[in-house]
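*Asks:* Pasting a structure here, questions to come.
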Amino acid sequence: MELVQILECKQTMSREIIPIFYEISPSDLKDQGHPFEESFSKHKRNGVDNKTIEDWRLALKEIGTLKGFETAKIHDGHQSELIDKLIPVVQQKLKKGRLTVTKNLVGVDHHVQEIMRKLGVVHHNGQVIKICESDVRVLGIYGIGGVGKTTLANVVYNQLYHYFQGYSHLREIPKKHQHDRILSLQNQLISNLRNRNVTFQCSNDAMTVLDKAFRRKRVLILLDNVEDDDQLDVVIGDLNCFGSGSRIIVTSRNSSILSRFEKAETYEVEPMEEEKALQLFSKRAFGRDFPDKGFESLSMDIIKALGRLPLALEGIDALRVLSLVKIGQNKELLTHDLLRTLGRSIVSNEDPIPSNRSRLWMHNQALSTLQRKEGTTKVQALGLTFDEGSHDCFTSEEFGPLSELRFLNLDRANMRGNFTGLLFKLRWLHWRGYHTSSEPLILCLENLVILDLSLSTVADDWEGWTQIMEKANKLKVLDLTGCSQLRKTPWFPADSKLERLILEGCSHLSVIDESAGNLKNLKSLNIKSTRIVLLPKEMGSLDNLKEIFVDKTSIHHLHFLRGSMQKLKTISASSCKNLAEICKDIGCLKSLSYLALDESNIKGLPRDVTSLDGLVELSLRDCRRITALPDSVGKLQSLQKMDLSNTRIKILPESIKNLDKLEVLRMNKTPIRTFPTDIANLGKLQVITFSNCRSMEGEIPRDISGLSSLRIMDLSFTLICSLPECLCHLSHLQTLNLLGCEELQTLPKLPSSLVSLRWGAKNMRVVQDFSYLRDLKDLELVDVPDEGDIPSSEMSQTESFGWISSLSNLETLKLCLPNVTSLPEVFNALTRLKTLDLSCINLLNLPQLPSSLSKLLIKNCKSQRVDFSNLETLSELELCDCNASEILGLGNLRLLQVLKISGCEVGNLDGLEQASLLRRFSMSDCQSLKRLPDLSKCTNLEIKEIDFHNSPDCIRSCRLVPRLQVRR
């Protein structure tokens with residue numbers, strides 16, 4: 001009997017049971033009267049044993065004790081009413097519809113209690129007891145950014161939603177002009193409230209449904225992050241649209257967001273109390289409710305600096321995720337300006353006297369502290385930066401009191417004397433631009449970990465090498481970048497702990513001492529831009545080496561001993577123009593994940609390179625002698641990125657189809673003749689570029705639907721003639737570059753996911769309607785044929801560009817088309833447009849342009865008058881070969897920085913004198929120009945040449961601009 005098994009699942013697996021007593025009561029199951037007795041007797045006669053029947057009896061009795069639904073007590077057994085009551089309970093049990101809320105919440109209970117009260121909800125100990133009042137209520141939760149409005153709203157929503165017949169959570173409410181987003185949100189709202197997917201094609205139809213379909217339905221709606229009350233019209237309109245008992249919650253930074261609703265409730269969320277803020281911070285930073293010992297004061301400083309805002313406090317364990325902290329190219333720790341400012345603010349508040357602070361990073365404060373001998377044991381870091389060098393020379397006397405110093409920056413500073421016993425705790429010495437002299441210098445280096453002597457004058461015979469190699473036993477990083485007098489590396493002791501050796505830019509360095517074989521702990525070697533020709537064979541014993549950079553060296557070949565360097569992950573040998581050979585044993589480097597041989601002189605890759613089953617990135621860019629890849633390249637199962645640009649590869653091997661993890665393939669400027677069909681089913685491929693492959697022709701394969709992850713495809717300046725119809729199914733495609741594709745006269749339907757489209761064909765007669773590409777931000781349509789190629793009958797034709805005004809997300813637009821003579825009157829509806837290039841051949845008029853523009857180029861415009869009055873944010877303006885004799889609105893362009901005018905009929909530039917930020921100004925071939933305005937207020941204006949073609953009036957007016965050169 002299934003009922004027994006169901007109860008076993010309840011007992012052994014903690015499963016929930018919701019019984020529905022259909023035309024029967026729970027008491028019938030517990031009493032087990034005549035119908036049950038008769039049924040049990042029948043089963044017994046049919047051979048069912050007594051134990052099984054007893055199990056059935058017990059199961060029925062237990063089910064009868066459970067709380068469930070009795071159909072007889074629900075609207076006379078009406079099934080629709082039963083379903084309405086059952087669905088919320090099931091959803092609550094499944095927690096379906098719950099919103100994500102951060103863990104370790106602190107101090108939210110009293111907020112939730114008050115919000116529930118304003119919503120008419122009886123609430124106790126985190127549980128909803130009853131929802132009172134049958135009216136429709138709306139509540140606005142407001143406060144500054146990061147104060148926790150969304151979190152509170154989500155907590156309330158999670159406790160309430162299963163008590164309603166329908167519920168919906170909507171984020172990023174669009175404004176009225178964002179028609180496509182409005183419709184999408186309306187569809188989402190209706191689908192949520194109906195609990196099934198619906199799709200309307202028109203916003204008006206959706207609003208009609210919202211107005212009528214839910215008047216008898218009790219719903220819960222959460223609208224998160226609403227900026228102004230106009231946004232509410234597109235989703236909720238009138239409160240009468242929803243059934244009695246409905247609740248609507250709105251979060252906003254605007255306290256008056258619900259001012260148009262007469263009985264709306266509001267609740268302000270203020271920053272956390274100091275005690276609660278410390279608790280939340282400690283949970284994130286230390287994993288408990290209070291700071292670790294010794295961090296109490298610092299924790300309070302951070303809390304105050306972050307304004308006691310929950311969102312900021314929760315971000316402590318996600319600094320790197322939020323890009324506030326990251327690891328630089330040279331493994332250095334990089335911090336966001338915001339975090340640096342925070343740290344400096346904390347240090348500045350340590351003490352009003354700089355010498356009593358833990359860190360002195362400002363040059364003047366650090367210099368003053370040393371010169372006055374005011375250093376204290378509180379100073380742990382000190383920085384000096386002499387841009388032009390210094391005549392001062394510091395001694396042990398100035399540094400004597402700084403016994404706790406751990407970091408010292410001495411850019412181009414001078415030191416002399418005996419520092420034995422001083423600066424004992426120094427870990428990091430940054431002495432860029434150190435200038436060696438005959439003055440004796442003895443440093444305490446026993447605890448030094450990082451030494452930076454970049455751009456210094458140290459040479460092979462510098463006496464300091466002995467101190468460093470004998471005393472600095474803990475040294476891990478040695479940076480000698482740009483030490484141009486160094487010809488040979490120093491001698492390295494056998495017990496060296498060095499992990500990173502940087503010799504980049506040592507322009508005379510030609511020899512690596514054989515003692516480099518002693519660097520058993522070395523992980524990174526950088527010898528970029530040196531004269532090194534050969535790596536010593538002793539380096540084959542560096543078993544911990546993980547990366548080697550030999551870019552722009554004179555190295556001839558790369559040789560690896562079989563079984564050596566098993567931890568090597570990176571080989572970067574770009575721009576090694578003498579590199580002609582790579583030994584076959586490179587295939588033994590099992591950990592190698594990155595191999596760059598750009599601009600080398602190799603003829604090809606050794607066959608054994610396909611044994612590198614851990615290789616993730618391979619770059620052969622500009623290797624002009626490479627004509628083919630090994631047939632077995634498909635064995636590189638881990639390969640994700642491959643750059644073959646500007647090689648002489650004409651065809652890819654068939655095995656390329658086996659590179660299942662390939663994400664990026666670049667083959668720009670190669671002689672490849674057709675689009676490789678073997679890549680058409682690489683499902684992880686995201687980027688394909690064949691730009692300037694001038695031999696590529698014909699059709700793209702009909703079925704490339706297997707490229708399901710493709711984001712970027714660049715086929716610019718190829719001879720392809722058609723794209724497949726299935727292109728519209730590539731739902732992740734965002735960038736499509738088809739500029740210079742002279743044979744590509746038409747396009748199929750494109751995927752609606754496109755963000756950037758560039759298309760240019762020879763003699764493009766008709767431009768298609770792309771109004772369905774609503775996410776488009778960058779659009780470029782170019783066709784500039786010779787004038788003789790355009791029949792005169794077509795010169796006067798006007799393309800219909802009305803659709804272009806519907807692309808509300810456009811930020812960059814370039815139109816260079818012979819048939820365009822006008823633009824739509826509502827062109828200014830493109831309110832996000834920043835850059836506009838109108839290189840049109842026959843533009844007869846110019847409508848009002850979007851006021852959001854910052855860059856504008858107009859060429860070949862025949863309009864006699866142009867008006868830029870509304871372009872107050874314009875920073876760059878270029879007019880070329882335009883007939884306009886009058887330019888209106890120049891006086892409003894107060895942010896204009898660049899102005900170029902050539903071949904125009906303009907008579908004056910009145911108002912330009914208001915552009916005080918103007919820094920570049922050039923004019924040529926403007927024969928009608930009579931005078932220049934007074935540009936003496938333009939203090940940033942560069943000297944530019946102006947050609948006025950013997951216009952005496954203009955030449956005299958130029959005396960007002962003494963920095964301009966005038967050419968007749």
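Every read-out reported here was derived from the displayed coordinates using simple, explicitly stated rules and does not represent laboratory data. On a predicted model such as this, the values are computed, not experimentally measured, just so you know. Neighbour counts run over all protein chains shown; Cβ positions are idealised from the backbone, glycine included.
*Asks:* Dipole of the chain, Cα-centred, from +1 at each Lys and Arg C-beta and -1 at each Asp and Glu C-beta, to the nearest 20 debye?
*Replies:* Its charge dipole is roughly 1360 debye.
*Asks:* Kindly state, to the nearest 0.05, the FRET efficiency for Lys103 paired with Cys583, given R0 = 45 Å and r defined as their beta-carbon distance.
*Replies:* E(calc), rounded to 0.05, equals 0.25.
*Asks:* What does the charge count around Val156 come to, taking other residues whose C-beta lies under 14 Å from its C-beta (Lys +1, Arg +1, Asp -1, Glu -1)?
*Replies:* Every neighbour counted, the sum reads +2.
*Asks:* Shifting gears a bit: Looking at the chain, what % of its DSSP beta bridges pair antiparallel, to the nearest 5?
*Replies:* 5
*Asks:* Kindly provide log₁₀ I(q)/I(0) values, in the same order as q = 0.06, 0.08 Å⁻¹, from the Debye equation applied to equal alpha-carbon scatterers of the chain.
*Replies:* -0.76, -1.27
*Asks:* Taking amide H positions as placed 1.01 Å from N in the peptide plane, with prolines and chain starts having none, which residues 5 or more places from Glu581, or on another chain, fall under 5 Å of its amide H?
*Replies:* Leu558
*Asks:* Would you compute, from DSSP H runs of 4+ residues alone, the mean residue ellipticity of the chain at 222 nm, taking -39500 (n - 2.57) per run and dividing by the full residue count, rounded to the nearest 500?
*Replies:* For the chain, the value works out to -5500 deg cm²/dmol.
*Asks:* What spacing in nm lies between the two simple spin-label points modelled at Ser854 and Lys762, each 7 Å away from Cα in the Cβ direction?
*Replies:* 3.8
*Asks:* Taking a label point 7 Å from the Cα of Glu8 along the Cα→Cβ vector, which residues of the stretch 17-53 have an amide N closer than 14 Å to it?
*Replies:* Backbone N within reach: 52-53.
*Asks:* Could you order the peptides 725-734, 633-642 from most to least packed, using the average number of other C-beta atoms within 10 Å per residue?
*Replies:* Ranking the peptides 725-734, 633-642 by packing returns 633-642, 725-734.
*Asks:* With labels modelled as points extended 7 Å from the Cα through the Cβ direction, what inter-label distance (nm, one decimal) is found for Asp211 paired with Asp233?
*Replies:* Placing both labels 7 Å beyond Cα along the Cβ direction yields 1.3 nm.
*Asks:* In whole Å, how far is the Cα centre of the stretch 179-252 from that of the stretch 594-651?
*Replies:* If we compute the Cα centre of each part, the gap is 55 Å.
*Asks:* Arg284 versus Ser484, label points 7 Å from Cα toward the beta carbon: distance in nm?
*Replies:* 4.8
*Asks:* Shifting gears a bit: Based on alpha-carbon positions alone, could you give the equivalent ellipsoid semi-axes of the stretch 101-246 from the gyration tensor, as √(5λ), descending, whole Å?
*Replies:* They are 27, 19, 13 Å, listed largest first.
*Asks:* For Lys61, give me every one of the lysines with a C-alpha distance below 16 angstrom, ignoring sequence neighbours fewer than eight places off in its own chain.
*Replies:* List returned: Lys10, Lys30, Lys51.
*Asks:* Provide the FRET efficiency to the nearest 0.05 for the Phe424-Leu895 pair, computing r from the beta carbons and using R0 = 45 Å.
*Replies:* FRET efficiency, Phe424 to Leu895: 0.20.
*Asks:* Continuing with the same structure: I need the P(r) histogram for the stretch 861-929: all alpha carbon pairs, bin width 5 Å from 0 out to the longest distance, whole percents.
*Replies:* Result, from short to long distances: 4, 18, 30, 28, 17, 3 percent.
*Asks:* Starting from the Cα-Cα distance between Val533 and Phe200, subtract it from 0.36 nm times their residue separation and give me the gain in nm to one decimal.
*Replies:* Length difference between fully extended and current span is 112.9 nm.
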